[in-house]
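Structure record follows, encoded as structure tokens.
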Amino acid sequence: MHTVHLYTDGAAKGNPGPGGYGVILEQAGTGYRKEFYEGFRLTTNNRMELLAVIVGLEKLTKPNTTVLVVSDSKYVVDSVTKGWVFGWEKKGFAGKKNPDLWVRFLKIYRRHKVDFKWIKGHNSHPQNERCDQLAVMASTMPDLHVDAFYEQQGETLL
């Protein structure tokens, strides 16, 4: 089975403010490529970075898929590769931001074989640049979605 490359980016104008994510799924050696994006009326860049990874993983239909997530988000990459999120989980995410998304992430993360690679953003990486374009475009679309958890709970309460 071929490795799936999952390229992601998130954006929020104002942070918090209108935001969006962009995702590219590519399957090595097959020519398969799909793009996804979605915008929200009030959110943060970190929520969009994490949601991009979640949505990309949720699009995979076969369990135990080998995935390489390529992201410019130190927040997401370090949280997983340095094991922080697993410690947060054991403590019920007490005092941590975005617990709703981390719970959702861990559920889908455990269905696959996922590795992470951090890349510097805005550094002429074609897929990262495209994901950034998708995220920014999504954040400016009419009829933006509601990030219900963020709007109901408020970032300062977490």
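Compactness of the range 4-157, taken as the C-alpha radius of gyration over 2.2 N^0.38 Å, stands at 0.99. Less than 5 angstrom separates the built amide H of Gly121 from none of the residues sequence-distant by 5 or more or on a different chain.
Restricting the range 60-158 to trypsin sites (Lys or Arg not before Pro) that sit in a DSSP loop and have at most 11 other Cβ atoms within 10 Å of their own Cβ leaves Lys82, Lys91, Arg110, Lys120.
Taking other C-beta atoms within 10 Å as the exposure proxy, Met141, Met48 rank Met141, Met48 from fewest upward. Per-residue Karplus couplings for the range 122-139, computed as 6.51 cos²θ - 1.76 cosθ + 1.60 with θ equal to phi - 60°, are listed in order as 6, 10, 6, 8, x, 5, 5, 4, 5, 4, 4, 4, 4, 5, 5, 4, 4, 6 Hz, Gly and Pro entered as x. Compared with the direct C-alpha span, the chain from Lys90 to Lys74 gains 3.6 nm at full extension, assuming 0.36 nm per residue.
Just checking the listed ones, His122, His145, His112: in the Gaussian network model of the chain with Cα springs under 10 Å, the one fluctuating most is His122.
Summarising the label geometry, the points placed 7 Å from Cα in the beta-carbon direction at Arg130 and Thr66 lie 2.2 nm from one another. Neighbour counts of C-beta atoms inside 10 Å place Val23, Val69 in the sequence Val69, Val23, starting with the fewest.
Please check which bits of the range 34-72 a label hung off Leu106 would reach, taking the label as a point 7 Å along Cα-to-C-beta and the cut-off as backbone N under 19 Å. Under cut-off, by backbone N: 47, 50-55, 57-58.
Here, each number is a calculation from the coordinates, and none is a lab measurement. Predicted model, so just to flag it, every value in this text is computed and none were measured. Glycine also receives a Cβ, built like all others from the backbone with ideal geometry; neighbour counts cover every protein chain displayed.
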